[in-house]
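**Student:** Once you've had a glance at the structure underneath, I'll fire off some questions.
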Protein chains: 2
Amino acid sequence: MTQPLFKKIVIFGVGLIGGSFALALRKAHAVDSVVGFGRSAATLQQAQQLGIIDRIGQDVAAEVGDADLVLLATPVGQMAELMARIAPHLGTHTLITDGGSTKSDVVREAYAQLGSKVAQFVPAHPIAGDEQSGPAAARAGLYLGKKVVLTPLPENTPQAVARVQAAWQACGANIHQLTHGEHDQVFAAVSHLPHLLSFALAHDLAQRDNRELLLSFAASGFRDFTRIAASSPEMWRDICLANREALLKELQIYIAELNQMSTALAAGDAAQLEQTFRTARELRAGWTEK
Amino acid sequence: MTQPLFKKIVIFGVGLIGGSFALALRKAHAVDSVVGFGRSAATLQQAQQLGIIDRIGQDVAAEVGDADLVLLATPVGQMAELMARIAPHLGTHTLITDGGSTKSDVVREAYAQLGSKVAQFVPAHPIAGDEQSGPAAARAGLYLGKKVVLTPLPENTPQAVARVQAAWQACGANIHQLTHGEHDQVFAAVSHLPHLLSFALAHDLAQRDNRELLLSFAASGFRDFTRIAASSPEMWRDICLANREALLKELQIYIAELNQMSTALAAGDAAQLEQTFRTARELRAGWTEK
């Protein structure tokens, strides 16, 4: 019988990201035993009932000491505290990865909290969002054909990077590498800003006295534009704050873009509006999700 | 044999909106003969080959005189000129409707161009957008279960409104009525603004030197948010200009919303961001397309 890639993994946060990671590794026969930690007993019980985890962890110190791999799959705002809790107990061979949507803040905390053990942490961002969250939304196929961006640290050994990469590949993901700075700039533009803009429109309409009338005539354009406004408020609060600097910069560029459009519209500048829309359409029509 | 609802209809603009109207009425056996006009000979030939129209019209004066129904399905920017061309030749029993996404401007032109025949015009807006356009995108089922908003004029007889309503119902649509002013305010908020915002993001990214890198990491959130940025630049130029006043107002409200978010983000105000996102999520999660 083939050895599994990992004898034991410990997952902090057994929702969409962590739960799907566990289910995918199980399906690939890449892990023997999965232990779960989380803030809510009910959520952990649900995860166990759904076959996501074998056991609900009781003692962090004991569980991370002999784990092959620890996944931090909580909102990014909780990761610093978690790192501080696990740091003293990590086994020498225990690797850590995460599922956070931002990387510079997580890396900064890793240096602060993990100290000399930071080489054991290989940061990752699986690009597999979903407006659903929680264990019930987890599925073995979530990462299949999706991108996972690793942002390795100079301290990581090639072997550590390769082993974390193998874990995400076992989930069916395609692996890319960026620096954590590059990562955060890219995702501010193509993910965090669109989420903020979609939340903003839905919040804007929620303030209106005639919102029921308005919504009764909303159609497919509105549906797709605001799909991501149904995302987790807590998660996106954390992401926005964690990537605040890059996101603020993107937001200012976008507001300037809207002010230009507003000026063109007020002036009745048909040519400029059409050219703007045409450039936009060319970019969008020329893009396909890979 | 049952009489069809209309013996002859004349369609100006045989693309997605006009072509689908014709195909739907044919499928419902609600029309005997469909004549098409348009600016491009190639497009008209394509429409004829696709079975959308029976004949390519040669003489506007002759064709509209004995038509039961005329559909104006061109971009709204071209409707004034069309109305002026058909007005002198309209038969006394000929009704007119349109497929324009804005109504106040179309109604204003109708009074100006149709004069004493304005009672024959029952304005309509079928809510069935698609980023595709042209005769090849037309399909008999486009309006099935979709809303059509009629914005009748005080001059319309109940019989005229009922007959135009019957035409759109024969396409499978559900009929609603608003005044043209209400209509334009509603659609500025739930349709025109989201289109402008989606175009703006795609245009913003198109200006970047690293747009290929950015786009390579764009995922499902970006895909849905920018789907409508692939819409027709010409059509949306016209819609934005036609509904300029209401759209500018919406755009200013939205920019103020973004400035508030920017302030909260810069201040690290986690509670306000979360509350904003939560209100947005509640609105969006509570909405379903009807």
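The values are calculated or read from the model by the stated rules, or taken from the named source; none is laboratory data. Quantities reported herein were computed from a predicted structural model and do not represent experimental measurements. No Cβ is skipped: glycine too gets one built from the backbone with ideal geometry, and neighbour counts run over all protein chains shown.
**Student:** I'd like the full set of residues that are closer than 22 Å to residue B:188 by Cα, within 7 Å of another protein chain (Cβ to nearest Cβ) and surrounded by fewer than 16 Cβ atoms within 10 Å (Cβ to Cβ), limited to the range B:260-289.
**Tutor:** Passing the criteria: B:285, B:289.
**Student:** At pLDDT 95 or above and among the acidic types (Asp, Glu) - does that describe any residue in the range A:42-61?
**Tutor:** yes
**Student:** Would you mind telling me which numbered condition in (1) in contact with a strand residue (DSSP E or B) (Cβ under 7 Å, 6 or more places away or on another chain); (2) at pLDDT 95 or above; (3) buried (at least 23 other Cβ atoms within 10 Å of the Cβ) residue B:83 fails?
**Tutor:** Single failed check for residue B:83: (1).
**Student:** Right, something else. Output the helices (runs of 4 or more DSSP H) that fall wholly within the range B:132-212 and possess 3 or more residues being under 16 Å from residue A:216 (Cα atoms), or say none.
**Tutor:** Filter on the range B:132-212 gives B:180-187.
**Student:** Moving on. All but one of (1) surrounded by fewer than 24 Cβ atoms within 10 Å (Cβ to Cβ); (2) within 14 Å of another protein chain (Cβ to nearest Cβ); (3) among the polar types (S, T, N, Q) hold for residue A:102; which doesn't?
**Tutor:** Condition not satisfied by residue A:102: (1).
**Student:** Spot the failing condition for residue A:132; the list is (1) surrounded by 15 or more Cβ atoms within 10 Å (Cβ to Cβ); (2) within 14 Å of chain B (Cβ to nearest Cβ); (3) out of contact with any His (no Cβ under 9 Å at 6 or more places or on another chain), and only one is missed.
**Tutor:** (1)
**Student:** Report whether or not residue B:212 is touching a helix residue (DSSP H, G or I) at 6+ places or on another chain (Cβ under 9 Å) and either facing chain A (nearest Cβ under 7 Å) or over 26 Å from residue B:15 (Cα atoms) (or both).
**Tutor:** The answer is no for residue B:212.
**Student:** Determine which member of the set B:60, B:31, B:35, B:76 is more than 23 Å from residue B:101 (Cβ to Cβ), hydrophobic (A, V, I, L, M, F, W, C) and out of contact with any strand residue (DSSP E or B) (no Cβ under 6 Å at 6 or more places or on another chain).
**Tutor:** Just one listed residue meets the conditions, B:60.
**Student:** If a residue has to be hydroxyl-bearing (Ser, Thr, Tyr) and closer than 22 Å to residue B:163 by Cβ to count, how many in the range B:30-73 make the cut?
**Tutor:** Within the range B:30-73, residues that are hydroxyl-bearing (Ser, Thr, Tyr) and closer than 22 Å to residue B:163 by Cβ number 1.
**Student:** Also, quick follow-up: When you look at residue B:192, is it within 19 Å of residue A:263 (Cβ to Cβ) and more than 7 Å from chain A (Cβ to nearest Cβ), yes or no?
**Tutor:** Considered against the rule, which asks whether it is within 19 Å of residue A:263 (Cβ to Cβ) and more than 7 Å from chain A (Cβ to nearest Cβ), residue B:192 comes out as yes.
**Student:** From the list B:177, B:159, B:165, pick out the single residue that is among the polar types (S, T, N, Q) and more than 20 Å from the chain's Cα centre (by Cα).
**Tutor:** Just one listed residue meets the conditions, B:159.
**Student:** Looking at A:184, A:204 in this structure, which one is farther than 17 Å from residue B:200 by Cα and either more than 7 Å from every other protein chain (Cβ to nearest Cβ) or surrounded by fewer than 16 Cβ atoms within 10 Å (Cβ to Cβ) (or both)?
**Tutor:** The conditions single out A:184.
**Student:** Which condition number in (1) closer than 22 Å to residue A:53 by Cβ; (2) free of Cβ contacts under 8 Å to residues at least 40 places away in the same chain is the one that residue A:139 fails?
**Tutor:** For residue A:139, the failing item is (2).
**Student:** Could you count how many residues in the range A:108-127 are part of a loop (DSSP other than H, G, I, E, B) and surrounded by fewer than 24 Cβ atoms within 10 Å (Cβ to Cβ)?
**Tutor:** Adding up the residues that qualify gives 1.
**Student:** Let me ask something else. Tell me which helices (runs of 4 or more DSSP H) are completely within the range A:1-107 and hold 3 or more residues being touching a Lys or Arg at 6+ places or on another chain (Cβ under 9 Å) and not basic (Lys, Arg), or say none if there are none.
**Tutor:** Once the helices (runs of 4 or more DSSP H) in the range A:1-107 are filtered for at least 3 residues that are touching a Lys or Arg at 6+ places or on another chain (Cβ under 9 Å) and not basic (Lys, Arg), what remains is A:16-27, A:60-65.
**Student:** A further question follows. Within the range A:43-77, how many residues turn out to be in contact (Cβ under 8 Å) with a residue 60 or more places away in the chain and either out of contact with any Phe, Trp or Tyr (no Cβ under 6 Å at 6 or more places or on another chain) or among the acidic types (Asp, Glu) (or both)?
**Tutor:** 11
**Student:** Give the residues of the range B:98-156 that are at pLDDT 95 or above, touching a strand residue (DSSP E or B) at 6+ places or on another chain (Cβ under 8 Å), charged (D, E, K, R) and more than 15 Å from residue B:182 (Cβ to Cβ), sorted by residue number.
**Tutor:** B:98 - this is the single residue of the range B:98-156 that is at pLDDT 95 or above, touching a strand residue (DSSP E or B) at 6+ places or on another chain (Cβ under 8 Å), charged (D, E, K, R) and more than 15 Å from residue B:182 (Cβ to Cβ).
**Student:** When you look at residue B:34, is it closer than 23 Å to residue B:173 by Cα and either surrounded by fewer than 20 Cβ atoms within 10 Å (Cβ to Cβ) or of a type in the set (A, V, I, L, M, F, W, C) (or both), yes or no?
**Tutor:** Against the criterion (closer than 23 Å to residue B:173 by Cα and either surrounded by fewer than 20 Cβ atoms within 10 Å (Cβ to Cβ) or of a type in the set (A, V, I, L, M, F, W, C) (or both)), residue B:34 qualifies.
**Student:** Oh, and also: Sort out which residues of the range B:208-242 are touching a residue at least 60 places away in the same chain (Cβ under 8 Å) and touching a Leu at 6+ places or on another chain (Cβ under 6 Å), and write them in order of number.
**Tutor:** B:237
**Student:** Tell me whether the range B:218-226 contains one or more residues that are within 8 Å of chain A (Cβ to nearest Cβ), among the aromatic types (Phe, Trp, Tyr), more than 30 Å from residue B:94 (Cβ to Cβ) and surrounded by fewer than 22 Cβ atoms within 10 Å (Cβ to Cβ).
**Tutor:** There is no residue in the range B:218-226 that is within 8 Å of chain A (Cβ to nearest Cβ), among the aromatic types (Phe, Trp, Tyr), more than 30 Å from residue B:94 (Cβ to Cβ) and surrounded by fewer than 22 Cβ atoms within 10 Å (Cβ to Cβ).
**Student:** Can you tell me which residue within the range A:231-259, out of those that are of a type in the set (A, V, I, L, M) and within 7 Å of chain B (Cβ to nearest Cβ), is nearest to residue B:228 (Cα to Cα)?
**Tutor:** A:258
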